[in-house]
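The values are calculated or read from the model by the stated rules, or taken from the named source; none is laboratory data. Treat the numbers as computed from the prediction; the structure is a model and nothing was measured. Cβ placement follows ideal geometry from the backbone for every residue including glycine, while neighbour counts extend to all protein chains displayed. Accessible surface areas use protein heavy atoms only, side chains included; no ligands, DNA or RNA. Shrake-Rupley method; radii C 1.70, N 1.55, O 1.52, S 1.80 Å.
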Amino acid sequence: MKIYCLSGHPTLPCNVLKFKSTTIMLDCGLDMTSTLNFLPLPLVQSPRLSNLPGWSLKDGNAFLDKELKECSGHVFVDSVPEFCLPETELIDLSTVDVILISNYHCMMALPYITEHTGFTGTVYATEPTVQIGRLLMEELVNFIERVPKAQSASLWKNKDIQRLLPSPLKDAVEVSTWRRCYTMQEVNSALSKIQLVGYSQKIELFGAVQVTPLSSGYALGSSNWIIQSHYEKVSYVSGSSLLTTHPQPMDQASLKNSDVLVLTGLTQIPTANPDGMVGEFCSNLALTVRNGGNVLVPCYPSGVIYDLLECLYQYIDSAGLSSVPLYFISPVANSSLEFSQIFAEWLCHNKQSKVYLPEPPFPHAELIQTNKLKHYPSIHGDFSNDFRQPCVVFTGHPSLRFGDVVHFMELWGKSSLNTVIFTEPDFSYLEALAPYQPLAMKCIYCPIDTRLNFIQVSKLLKEVQPLHVVCPEQYTQPPPAQSHRMDLMIDCQPPAMSYRRAEVLALPFKRRYEKIEIMPELADSLVPMEIKPGISLATVSAVLHTKDNKHLLQPPPRPAQPTSGKKRKRVSDDVPDCKVLKPLLSGSIPVEQFVQTLEKHGFSDIKVEDTAKGHIVLLQEAETLIQIEEDSTHIICDNDEMLRVRLRDLVLKFLQKF
Amino acid sequence: MDLECSRLLPALCAVLVDPRQPVADDTCLEKLLDWFKTVTEGESSLLLLQEHPCLVELLSHVLKLQDLSPGVLSFSLRVAGIFAAQENCFQYLQVGSLLFSQPGGAPGLRLLSAPPFFLSSPAPCPGAVDTIFSLQGDSSLFVASAASQLLVHILALSMRGGAKEQPCLQGDDWPTCAQKIMGHVEESLCSTVTPKVTQALNILTTTFGRCQSPWTEALWVRLSASVACLLERDPIPAAHSLVDLLLCVARSPVFGSSNGSLWEMVAQALSCLGPAHVGPLALGILKLEHCPQALRTQAFQVLLQPLACVLKATVQAPGPLGLLDGMADDAMMVDALLASKSSCAGLLCRTLAHLEELQPLPQRPSPWPQAPLLGAAVTVLRLCDGSATPVSSVGGHLCATLAGCVRVQRAALDFLGMLSQGTSPQELVTQALAVLLECLKSPGSSPTVLKKAFQATLRWLLSSPKTSSCSDLGPHIPQFLRELFLVLQKRLCSPCWEVRDSALEFLTQLSRHWGGEADFRCALLASEVPELAWQLLQDPESYVRASAVTATGQLSSWGLHDPTSPQHAVARQSLLRELLRILSADSEGFPRRAVMQVFTEWLRDGHADVTRDTEQFVATVLQVASRDLDWEVRVQGLELALVFLGQTLGPPHTHCPYAVALPEAAPARPLTEALRALCHVGLFDFAFRALFDCDRPVAQKSCDLLLFLRDKIASYNSLREASPNTDSVEAAPWRWRAHEQTQPQEDQEPEAVLAMLRSLDLEGLQSTLAESSDHVEKSPQSLLQDMLATGGFLQGDEADCY
């Protein structure tokens, strides 16, 4: 059993598990932090961004000034943003049989894998995962395609040149493999390869293993996966949450008794308590709006935004902010808000029961109804007519490199009355803000990450007790910035095995058993003999039939009857002929009694010698030697077949046959 | 015993011994027992028994019945105990031999144990003491505890009766009974069964706690060796009880301060008890008034150990900040700290609580290590918020264990707040304020932690020394306040109402003390805090609204209004209007009560809005308050009326004979005019109505107010003679009672009011009101009748069956 690690990002994993002749890709995350090295894509012509000076080397060489621009002390690539793909060289991805997706954030690299690697397998995911994943991809493609950029920079990627660049460009990894965003066509093609599954549904893979998605409590339709054969069980835990938010709660019990537990997607901000962060979010929002400022919340179109809207629904009235408009701007805003209301079976119990009232499970329906929340596909069109300040705007992309958020950053950045509140933990907020500096607007960082923290992990591991834990290397040591926080790492016995990007990890786990079925008529014919109290044995003579990784013992064919001249063979004749089977022997030969028996049968002049392994019985007269050892008996005589057979039969009398 | 009860008693006794009668519930029996106690205290028990033969019958009858309920049996035994406590009754009853033969008799035992003649009589109850020994292990804790107490009684009595002269230390001449008990205790102390040891220790603790006769010294001399042996066992059995015993002995005045062997044993206990038990022992020792200095030093070191460990594990150079420098770490203590999260948190919380208890005591150790303790408190808080840097593996472990531990955080904040009372180096004060600010800022702080942090911050701010320089407050305070108000702003917007509430309470307290300080005013007015407090008057949570009322009222008293408001005066005026609106319209009681308190305070302090037209203000408020459904609001209305009375007629007379008599201030205006003003604001209407309020506190308060008024008026001679038509006056007050007076009377005449006041028996009313509302139901007659009534019903049922 091996794990191939294709992504170094602990919360955007992409691993391949080889298990019992199957090759299973676990998640397909896309690391988008690479886009932070690029200039933002402004929706509206920005004089500031279009007039940035080109960057030149220390010696004044300016050959890169078209590709690299200097902006507030940092150097950015002036090109269409590119993403860092999972490793494609470590393993031949065309051999991947299936891809299991755990949540919609972890499938963003899917089109790169399914469309460009010769992948011919199936992708499994739950319905909300696919639908919301589609929305995320659609938004991404839309954000990038609607600001066409003629230039695609590649010179800077040259290894010799990259070395000369300032940080962080100099330290960017695998730049040569960075790719531009996929197209909608690729997205559609990739999504068409997905097969929908439900929680606890058992899916057979080639008869070799069975995979089952379990609720992971993190997002709508998010799942952990159980991959099991008859005797082995691997659990894949990715992006799970024990907090009570909108999704169905996490199913922990089914993870018990795993041989291997692969643990990824823990919280990225282990020191931040989501409740406290929501409080921080609300307070800062209220303070800003009260002073006449606007609040910008860069966010994904699904996920935490539902919880934030629910929280604001309760909060704005109490804070006297009912008249402040909330805007949600995304090409998929409408679909996202509506989808969330129809996936009732994937929601937590509270929300599920609302559906039967019937009421919409999320209160944002009421916010929309009362005109407190308005949503628009983009800043163009209706939005510009309705736009009223002060207001709260939720829009993407959290990287601040593309999407409508770029426009609001340019628009509101100059006033200290306004505030940008970062709630998504995926991007460093300081890096995201770098191209907008100097910035007058207030910046608040309240990352809300509901995924498991280390305390919860240690409780979970105590509860489910896997034999081995496998996790990204980042989880086996405290975060570099807080090296003294020994509580911010996985602490388990035996210590967790860690992996890093482009590493292959052989799991210390040997498969020892295989299940074989016996046909009923064959089982009927067996006659077990008790050889020890409680243990019975029976010999089985059968044909092992193996197909689709399933093994079956069938009755042996009858000895071939001489067919009466007919040449045509029956189907059963395909089974190879078997020789008449000799019985198996067991037991031991008591030497003294054996000698007495020999004497009774007329042998004389018998001599017994003890050897290291047993005894030798010498029949001096017959010039014959019988070697009796623990596991074998040999009769050595000189070309006297009659004598050998006589002696053999005497030996056999002492043994049991079956 | 009054006649009515004497008449009812025989019937009740008959009901109690009748197994067919339903057993009255336990509460009734308890009440009855209490009554018997009161009665026997007041009159001769023997006479009572002789006059009520039914009681003797009850007691003798009860012991013969087989199927009596345990409740009634236990009751009867306890009644017997009450009577038998007097020698003549004891002999009259002759119950000595009866009691111990009953199972479940333990509750009565304690009461029976008092008479010394019980023990001095020759073999009153053979095997009684043995029975009590076995009852010590009874499954019922009450029985076990009663048995243990009884043994102590018996021991004390036998010693008191037996050894009048100086007791012999060997105990050869001790009474048999005492010898027997001592033998039992000694045997139990050597037992390997922990509960037995605990029982023995508890007997000793109670003995030394109750009896301070010289013989207890002899007792200790005899037993101390056995007690000392316990300290050599591993693990030490019944450590908790052992600590109690040691402290009890140490506190006993019999031993004085010279008992070397006792102190040696305590010192040994300090060094060998586990961290969980050694803390209370150390604290107890430090609280003793007389105790060897060396032992105090040792106890204090023990108490400081956990914090010393924490400091050592996190401070780079153990320089001036170290606690217990140069001492080796106690391995047991370190183990306890590292064993588990709960043991670490428990140990630290206990230590912090012990030190907090010790700090204000006069006998606290001196010199008090204020600076290291402050350093330790700051460090513990830093460990909890994850910002401490450990310098050893122990530190790393502590860091991981304490990160996010709310329990320790709360204890450390309390402790830190307490440390504000001492003098600390400026650098550490800065650190303490920084850690408090950090705690207030942190989004992860739970509401309870925030509340504690606010309390601690308040204590530190208020105790900060004032300087004589241009700045009113300390040099660092203005900057701190600026940052604090930024945090407060955010906390006032918190979605969690508990947080908003604690932030408002903090604001109220701070402005109450610092409202006049220029630095404070400057920082506050530069922030949005006043405006936010104003907005919270509309909070959906009633507690928050109440706190917002108090806070804005306080701010307004100091003229701390939102300066950005275009019309300052208008804003102030509108606060009065807003508070009146809350008083008349808020659906919850808390905000309305808060408004009344603010108004009372405003009236007392002469708030500008009130003094503009005081009479109008009082009239409006009283009118609204009188209609309020919440009695506390009405009481507060009367309080406000009292303040107004004081202002109109002069302050109340001091009745203290030793008070310096101030020259009687001349009343502000003539009485008639003053009374007319009172009539005008509707004060009498409100007060008379309140006099007959269905809520007793309101009526009481009104009674007090009217009495005060009557006394005041009495000092004016001029009006005494006035006597208007008596009939109409007499009738008037009762009209309020009959709720005829739904509308306030317009412009009552002062004379009529005065006459009404004189006609009322206010003293009588006051004493009636002083009795609790259930005094009738609580009377013994009522109790006996109730119990009989329960039985009576049964008889009725029986009749129906035929």
In Å², and per residue, what accessible area does the stretch A:585-657 have when probed at 1.4 Å with the other protein chains present? 68
The protein assembly as shown, dipole about Cα centre (Lys/Arg Cβ +1, Asp/Glu Cβ -1), debye to the nearest 20: 3360
Counting only C-alpha contacts under 8 Å and six or more residues apart, can you give the relative contact order of the stretch A:112-227 as a whole percent? 33
Amide H of A:Thr23 versus every other amide H placed in the peptide plane: which residues, excluding those fewer than 5 positions away on the same chain, fall under 5 Å? A:Asp97, A:Val98
What residues does the stretch B:484-505 have that are buried by at least 30 Å² of accessible area in the full protein assembly compared to the chain on its own, 1.4 angstrom probe? B:Lys490, B:Cys493, B:Pro495
Using a probe radius of 1.4 Å on protein heavy atoms only, what is the accessible area buried between chains A and B, both sides summed, to the nearest 100 Å²? 1600
What is the distance in Å between the Cα centres of the stretch B:1-79 and the stretch A:15-91? 94
Run the accessible area of chain A with a 1.4 Å probe and give the carbon-and-sulfur part as a rounded percent. 51
What's the longest uninterrupted piece of chain A once you rule out the GluC sites (Glu not before Pro) that are loop residues per DSSP with at most 10 other Cβ within 10 Å? A:90-620
Pick out, from A:Gln45, A:His74, A:Leu205, the residue whose Cα sits farthest towards the positive end of the charge dipole of chain A, with +1 on the Cβ of Lys and Arg and -1 on the Cβ of Asp and Glu. A:Gln45
Long pairs among A:Lys202/A:Lys256; A:Lys66/A:Lys442; A:Lys582/A:Lys653; A:Lys2/A:Lys515; A:Lys372/A:Lys442; A:Lys510/A:Lys550, criterion Cα-Cα beyond 26 Å: A:Lys66/A:Lys442
Those trypsin sites (Lys or Arg not before Pro) in the stretch A:1-42 that DSSP places in a loop and that have at most 13 other beta carbons within 10 Å: none
Along the dipole axis of the protein assembly as shown (charges at Cβ: +1 for Lys and Arg, -1 for Asp and Glu; origin at the Cα centre), the most positive-end residue among B:Val610, A:Ile113, A:Gln252 is A:Ile113
Compute the long axis of helix A:641-653 from its Cα atoms, compare it with the longest principal axis of the Cα atoms of chain A, and write down the angle in degrees, 0 to 90, nearest 10. 60
The answer for trypsin sites (Lys or Arg not before Pro) in the stretch B:222-270 that fall in a DSSP coil and have at most 14 neighbouring Cβ atoms within 10 Å is B:Arg233
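Between A:Leu526 and A:Asn61, 0.36 nm times their residue separation minus their Cα-Cα distance comes to what?
Value of the extension gain: 158.7 nm.
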If you take each beta carbon of peptide A:477-490 and count the beta carbons of other chains within 10 angstrom, what is the mean? 4
Using only the alpha carbon atoms of chain A, find the Kirkwood hydrodynamic radius as the inverse mean reciprocal pair distance, in angstroms to one decimal. 29.8
Relative to the first principal axis of the alpha-carbon coordinates of chain A, what is the inclination of helix A:304-318, with its axis defined by its Cα atoms, in degrees from 0 to 90 and to the nearest 10? 50
Mind jotting down the distance between the C-alpha centroids of the stretch B:367-441 and the stretch A:578-630, whole Å? 87
Mean ellipticity per residue at 222 nm, deg cm²/dmol - from DSSP H runs of n ≥ 4 across chain A, formula -39500 (n - 2.57): -6500 deg cm²/dmol
Over the Cα atoms of the protein assembly as shown the radius of gyration and the largest Cα-Cα distance (Dmax), both in Å, equal 45.5, 161
Let me confirm one metric for peptide A:265-277, namely the mean number of other chain beta-carbon atoms within 10 Å of its residues' beta-carbons. 3
Interface residues, the stretch A:295-321 - accessible area loss of 20 Å² or more versus chain alone, probe 1.4 Å: A:Tyr315, A:Ser318
Over the whole of A:280-287, what's the average partner chain Cβ count within 10 Å per residue? Rounded to a whole number, please. 6
Dipole of the protein assembly as shown, positive end: most advanced residue of A:Leu367, A:Thr450, A:Pro148 [Cβ charges, Cα centre]: A:Pro148
Expressed as a whole-number percentage, the relative contact order of the stretch A:585-657 with C-alpha contacts under 8 angstrom and at least six residues apart is 30
Share of pairwise Cα separations in the stretch A:585-657, more than 17 Å, in percent: 37
Size of charge dipole - the stretch A:585-657 - debye, nearest 20, with Cβ of Lys, Arg +1 and Asp, Glu -1, no other charges: 340
At 7 Å along Cα-to-Cβ for each site, give me the label-to-label distance between B:Glu57 and B:Leu788 in nm. 1.4
Rounded to the nearest 10 degrees, what's the angle between the helix A:274-290 long axis and the longest principal axis of chain A, both from Cα atoms, 0 to 90? 10
